[in-house]
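A.B. asks: Encoded as structure tokens, here's the structure I'll be asking about.
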Amino acid sequence: MTPYYQDEAVTIYHGDCREVLPDLPPVDLLLTDPPFFMPVTHYASRTEWPKSWGDMSVLAVWFGVILDAAKPRMKPTASAVVFCDGPSYAVFFPEVFRRFGSVKALVWDKCHFGMGAPWRKQHELLIVGRDADSKWTGTKNLPDILRAKTVPSNDRQHPVDKPDAILRQLIEPLTEAGDTVLDPFCGGGSTLFAAKQTGRKSVGVEIEERYCELAARRCSQEMDFHTANGKDDTPK
């Protein structure tokens, strides 16, 4: 299996993560932002056929397949952290629950509200799956609400670019310097670069070649991709 890009800290593979994951070496953290849009409405009208939990089964089965491929690649001390939103949380939670000893919910406060009605969205959710031996290097006083500003729309190179500030808050307490972070949906490489900045190694898998190229360019830089122009994505 030949990497699309590789340096001393980062390895990127172009392909379907379901096919790539079985050949990867053990990692110390799974940190990813998978596609979590809900399945489309299958009927022209919901008047006669109301919504049902079965509508969510496609997403649940798909996510379970991903976890089954990723879990064997995780060391006994590894945790899994998955970004999601309110509707997909309900689908993802059972899949994480049945594969890890404990499950924790975190909230990412984006420090400003976006679109939506009647309440406009200001947060994103994260599910953390851990086992009895999972590593913890953070303090005992970290809150379960994490605050970091989003990447401004005009600065995004990928539709769901994550800011370094939120990724560091997840990587640093769950790993040590030199550990390896896995992102099977690495997109433009936000997680990979944040891991590199914090002295960790990383492995990313991305099915879209254009985003592999973006991730490679991002990870080959020597400065922060989002703060090189003097901007700061941490909350004030």
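A.B. asks: Evaluate E = 1/(1 + (r/R0)^6) for Lys71 and Ile145, where r is the Cβ-Cβ distance and R0 equals 30 Å; express this FRET efficiency to the nearest 0.05. Working shown, then result.
C.D. replies: On the way: r = 27 Å, r/R0 = 0.91.
Approximately 0.65, to the nearest 0.05.
A.B. asks: Enumerate the lysines that Lys196 could reach by cross-link, defined here as Cα to Cα under 22 Å, with residues fewer than 8 away along the same chain left out.
C.D. replies: Filter leaves Lys75, Lys135, Lys149, Lys162, Lys231.
A.B. asks: Subtracting the Cα-Cα distance from 0.36 nm times the residue separation, let me have the gained length for His112 to Phe97 in nm, one decimal. Please report the intermediate quantities before stating the final value.
C.D. replies: Values: separation 15, 0.36 × 15 = 5.40 nm, distance 3.07 nm.
That pair, His112 and Phe97, stretches by 2.3 nm at full extension.
A.B. asks: By the gyration tensor of its Cα atoms, with a ≥ b ≥ c the square roots of the eigenvalues, what is the shape of the chain: rounded for a/c under 1.5, prolate for a/b over b/c, or oblate?
C.D. replies: Numbers: a/c = 1.39, a/b = 1.23, b/c = 1.13.
Note, shape of the chain comes out rounded.
A.B. asks: Is it possible to state the helix-based mean residue ellipticity at 222 nm for the chain, with each DSSP H run of 4+ residues giving -39500 (n - 2.57), the sum divided by total residues, to the nearest 500 deg cm²/dmol? What is it?
C.D. replies: On the way: 6 runs with 60 residues, N = 236.
Result for the chain: -7500 deg cm²/dmol, rounded to the nearest 500.
A.B. asks: For the stretch 49-144, just the Cα set please: Rg and Dmax, both in angstrom.
C.D. replies: 15.5, 50
A.B. asks: Still on this model: What is the fewest-to-most order of Met115, Met74 by other Cβ atoms lying within 10 Å of their Cβ? Before the final figure, lay out each step's value.
C.D. replies: On the way: Met115 6, Met74 22.
The fewest-first ordering by Cβ neighbours comes to Met115, Met74.
A.B. asks: Another one. Which whole-number percent is the relative contact order of the chain (Cα, under 8 Å, 6+ apart)?
C.D. replies: Result for the chain is 25 percent.
A.B. asks: Given R₀ = 30 Å, what would the calculated FRET efficiency be for Asp155 paired with Glu176, taking r from the Cβ atoms and rounding to 0.05? Please report the intermediate quantities before stating the final value.
C.D. replies: Numbers: r = 31 Å, r/R0 = 1.02.
FRET efficiency, Asp155 to Glu176: 0.45.
A.B. asks: While we're looking at this one, here's another question. Quick one: compute the contact order of the stretch 99-168, relative version, from alpha carbon pairs under 8 angstrom and 6+ residues apart, as a percent.
C.D. replies: Details: 86 pairs, mean separation 24.2, N = 70.
Taking the mean separation of contacting Cα pairs over the length of the stretch 99-168, I get 35 percent.
A.B. asks: Let me ask something else. What aspartates and glutamates does Lys121 reach when the alpha-carbon gap must be under 12 Å and sequence neighbours fewer than 8 apart in one chain are set aside?
C.D. replies: Qualifying aspartates and glutamates at Cα under 12 Å: Asp85, Asp109.
A.B. asks: Taking H placed 1.01 Å from N in the peptide plane, check which residues at least 5 places from Val27 or on another chain put their amide H under 5 Å from its amide H.
C.D. replies: The answer is Met74, Lys75.
A.B. asks: Rounded to whole Hz and in sequence order, give me ³J(HN,Hα) for the stretch 76-81 from the Karplus expression 6.51 cos²θ - 1.76 cosθ + 1.60, θ = phi - 60°, writing x for Gly and Pro.
C.D. replies: Result, rounded to whole Hz: x, 8, 7, 10, 10, 10.
A.B. asks: What ³J(HN,Hα) values, in whole Hz, does the Karplus curve 6.51 cos²θ - 1.76 cosθ + 1.60 give for the stretch 108-121 when θ = phi - 60°, with x put for Gly and Pro?
C.D. replies: 9, 7, 7, 6, 7, 9, x, 7, x, 7, x, 9, 8, 6
Quick note: the coordinates plus some simple rules give every number you see, no bench work behind them. Please read these numbers as outputs of a predicted model, since none were measured by experiment. Neighbour counts run over all protein chains shown; Cβ positions are idealised from the backbone, glycine included.
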